[in-house]
1. How many of the residues in the range A:144-190 are in a helix (DSSP H, G or I) and away from ligand 1 (no atom under 16 Å from the Cβ)?
2. Anything in the range B:207-231 that is touching a residue at least 24 places away in the same chain (Cβ under 8 Å) and farther than 19 Å from B:LYS395 by Cα? List them, or say none.
3. Looking at the range A:144-190, which of its residues are more than 14 Å from chain B (Cβ to nearest Cβ) and small (Gly, Ala, Ser)?
4. Which of the helices (runs of 4 or more DSSP H) contained wholly in the range B:1-43 include at least 1 residues that are at the interface with chain A (Cβ under 8 Å from one of its Cβ atoms)?
5. How many of the residues in the range B:137-172 are among the aliphatic types (A, V, I, L, M) and farther than 26 Å from B:PRO387 by Cβ?
6. Among the residues in the range A:213-227, are any without any contact (Cβ under 8 Å) to a residue 60 or more places away in the chain, in a helix (DSSP H, G or I), closer than 16 Å to A:GLU151 by Cα and within 14 Å of chain B (Cβ to nearest Cβ)?
7. If you take the residues in the range B:45-65 that are of a type in the set (Val, Ile, Thr) and crowded, with 21+ Cβ neighbours inside 10 Å, which one is farthest from the other protein chains (Cβ to nearest Cβ)?
8. Could we say that A:GLY48 is in the same structural domain as A:THR287 (by TED's automatic domain parsing), away from ligand 2 (no atom under 16 Å from the Cβ) and either among the charged types (D, E, K, R) or over 18 Å from A:LEU196 (Cα atoms) (or both) here?
Amino acid sequence: MPGDFFVDPVRPAGRAVITHGHADHARPGNASVLATDQTLAIMQARYGDQAGASLQPLAYGEPVEIGEVSVRLVPAGHVLGSAQVVLEYRGSRVVVSGDYKRGADPTCAPFEPVPCDVFITEATFGLPVFRHPPAGDEIAKLLNSVALFPERSHLVGVYSLGKCQRVIALLRQAGYDRPIYLHGALIALTELYQRLGVQLGDLRPMADVAKGDLRGEIVLAPPSAIADRWSRRLPDPVVCAASGWMRVRQRARQRGVELPMIISDHADWDELLATIDEVDAPEVWVTHGREEALVHQVTQSGRRAQALSLVGFEDDAVD
Amino acid sequence: MTPFAELIERLVFTPSRNAKLRLLTDYFARVPDPDRGWALAALTGGLEFPAVKAGVVRGLAVERVDPALFGWSYDYVGDLAETVSLIWPKRHGANRVPSLGEVVDTMREASRSTAPALVAGLLDTFDTNERFAFLKLITGGMRIGVSARLAKVALAQYGDADVAEIEELWHGLEPPYEDLFTWLDGRAPKPSIDDKAVFRPLMLSHPLEDGDKASIDPASYRAEWKWDGIRVQVAALGDQRRLYSRTGDDISGAFPDIVEAMDFDAVLDGELLVYQDGAVQSFNRLQQRLNRKTVTARMLEEHPAWVRLYDILFDGSEDLRDLSFDDRRQRLEQWIGRIAPGRMDLSPMIDFPDWQTLDDMRSSTANSAIEGVMLKRGDSTYVAGRPKGPWYKWKRGPLTLDTVLMYAQRGHGKRSSFYSDFTFGAWRPGEDGEPELVPVGKAYFGFTDEELAQLDKWVRGHTVERFGPVRSVAPDLVLEVAFDSVGRSTRHKSGVAMRFPRISRIRWDKPAAEADHLSTLEALIVD
Ligand SMILES: [Zn+2]
Ligand SMILES: [Zn+2]
């Protein structure tokens, strides 16, 4: 690439453009980092001094020249601060989607389609079995369950960046105004969201509360904690998990989930196809997920498509 | 269809019995007739749609979805109904979602030729979860961890009735059970079943504990052998003949030999056995005939069934359950003398002057078809359920084996954070002459909560390999396993299968090399 920079580099680079703060995209140790304000704040919260030697904030929509390439960040609707990278070089335009979704999310700016010549799309849920239901319906399932089992706690597994805050915001949207309790590993980023202006209501650390007092309450924890010894601190928890993977029963069962909530921060199959049509790129590169089915489908619709394999990507180790 | 799909979706993932009951009672309270009755029928296995085969569903999906995409998706998901429910393309402007009652009516009228179009039309109107529930419903794969018994307990809770009353009514009622729900809602009297050969809930016993013997007088109790078969109820009235399992499942289809012999009007309580050459055969032989919808002539000849009678509940339409055991026993003896039924005989009484004599008889009998003795108070009426006091079972001591823990798996529900399902093995000579472990069974109870925590910790500290929720562990821990009997099995690598294995002791003290060998277990096999 003329311009000598890398988007979401796997290994430390001299100059990196980072789409968003998830660990499979934003890695520590780059010399200079270009990203949105919020993404830089998230990287600093996670990596401290290692976030990058020089941090350069770039607002959505503002172009910057790197060598002969014009670079612009456009909202991706994935998590707070997430961006697509729009690259223009000698009259042709390439868009690197990063991770994105099209469903509404009260914690981040919505995805903006940018017509382009080459669209590099993620494909985490690149199979037609993945169709996410409206997130509000999934939140209603949780609230119905809380009403039906008032003597139990509801323990919801959520990724610490994005999903956690989105689930809280969706609960608030649904009118739930009780305190929501957080596992210690979720607190720092959630407080950062609040500092960056996202309203999340009354949140409390779970560690401060006696076991019996969590009856009837909603507790959020990272996915790794929900089936582990840690969960024994809760009174007879209904184990829930908010993830796009919950769409497939075997996945939910393997994780010992009693109430799967299909809430994803990635585009589902229909959203992937609709987005490709909207940006109307004659050439589509598919990466970050199940490439073969999406390449097959896009090819059928008359575009050129190819899989772009990424190193260091591990199926559902991601959000 | 929407509330039914939501119910199925929750039940599929809910491990705890109490939580399932809550979901079911909530559903019965929210959903009107006839939908809740059809749901009840679906859950208790009372609905079948022979016009629809799984192949039809697959064919419809491939017509609508690119076959390559379908193939990748099916590979990924692994279950046909689930794959189709997920991949079925949305159709805008589809009809309103029909109720479960409407779906059942439509599908019951379907023929082999009309079924595919009807199924496709319904799939178009549903969302993903509705499609899944619908496909499981019509292809008969509704395995969601709800037993018929659990559904009845939920009904009893819902209507504040006694589950024995529900059990008693159950086989006299038909889906969608509107008369049952009307009664449970308090809007009509209890439905009548007096003229039907329905299941009458059984009277069950408690195990005799050491402390019980001191407090009860042997003279007021009668003793008989506890035969090692399955407890059944023989119910014949008019032209209706039914053989019921202990839980009220109709197993007549698997035992036409018994049904043919039911040429009388009575309801009897007894033990179903295989009986040949004048002797009761092992449980293993009976097992060959269980869990079958139909039975071949050869099975009938090789494993002939027999009922050893313990009790009489009805003689004709006369209800004898309020008589004392002694009086019922007399009526049973008279009845057998009068009717002389085929394939049935009387369970003999055992005379015993004191506990010691009975204990000696119990322990010394060489008859492997005897599981122990039953003690029944002479003045006890026949009461459904398990009242404490009138009846005791006094089993022979269980067999035990020292095994080595091989694999542990995470449990469900409350136990989902614990390794609580244990596979254990016994030694046998390996190909290289060194002893090797072969799995001989699996147990997930028998230990206290405290022992479970210790086992969990041990498993985490001795893991060798992980496969999903399963860990293999270093072969270092000896578990003493108790079991009731052991038979041959072609399904298990070891060639043996234990009956009711449970962990009786954790032998932290015992070196694994001193655990038992497979040959010890093989020597205990009864055929
Ligand atoms: Zn991401
Ligand atoms: Zn990602």
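1. Within the range A:144-190, the subset in a helix (DSSP H, G or I) is A:144-148, A:163-173, A:184-190.
Imposing the further condition that a residue be away from ligand 1 (no atom under 16 Å from the Cβ) reduces the set to A:144-148, A:168-173, A:184-188, A:190.
Residues that pass the stated criteria total 17.
2. Within the range B:207-231, B:SER220 is the sole residue that qualifies.
3. Of everything in the range A:144-190, those that are more than 14 Å from chain B (Cβ to nearest Cβ) and small (Gly, Ala, Ser) turn out to be A:SER160, A:GLY162, A:ALA169, A:ALA174, A:GLY175, A:GLY184, A:ALA185, A:ALA188.
4. Working: elements: B:2-13, B:17-30, B:35-43.
Filter on the range B:1-43 gives B:2-13, B:17-30.
5. As a first pass, look at the range B:137-172 and keep what is among the aliphatic types (A, V, I, L, M): B:137-138, B:142, B:144, B:146, B:148, B:150-151, B:153-156, B:161, B:163-164, B:166, B:169.
Filter once more, keeping what is farther than 26 Å from B:PRO387 by Cβ: B:137-138, B:142, B:144, B:146.
Residues flagged as among the aliphatic types (A, V, I, L, M) and farther than 26 Å from B:PRO387 by Cβ within the range B:137-172 amount to 5.
6. no
7. Keep residues of the range B:45-65 that are of a type in the set (Val, Ile, Thr), which gives B:52, B:56-57, B:62, B:65.
When the remaining residues are screened for being crowded, with 21+ Cβ neighbours inside 10 Å, the result is B:52, B:57.
Values: B:VAL52: 21, B:VAL57: 15 Å.
For the range B:45-65, the residue satisfying everything is B:VAL52.
8. On the way: in the same structural domain as A:THR287 (by TED's automatic domain parsing): yes; away from ligand 2 (no atom under 16 Å from the Cβ): yes; either among the charged types (D, E, K, R) or over 18 Å from A:LEU196 (Cα atoms) (or both): no.
Against the criterion (in the same structural domain as A:THR287 (by TED's automatic domain parsing), away from ligand 2 (no atom under 16 Å from the Cβ) and either among the charged types (D, E, K, R) or over 18 Å from A:LEU196 (Cα atoms) (or both)), A:GLY48 does not qualify.
The values are calculated or read from the model by the stated rules, or taken from the named source; none is laboratory data. Not measured: the values here are computed from a predicted model. So basically every Cβ, Gly included, is an ideal-geometry build from the backbone, and we count neighbours across all protein chains shown.
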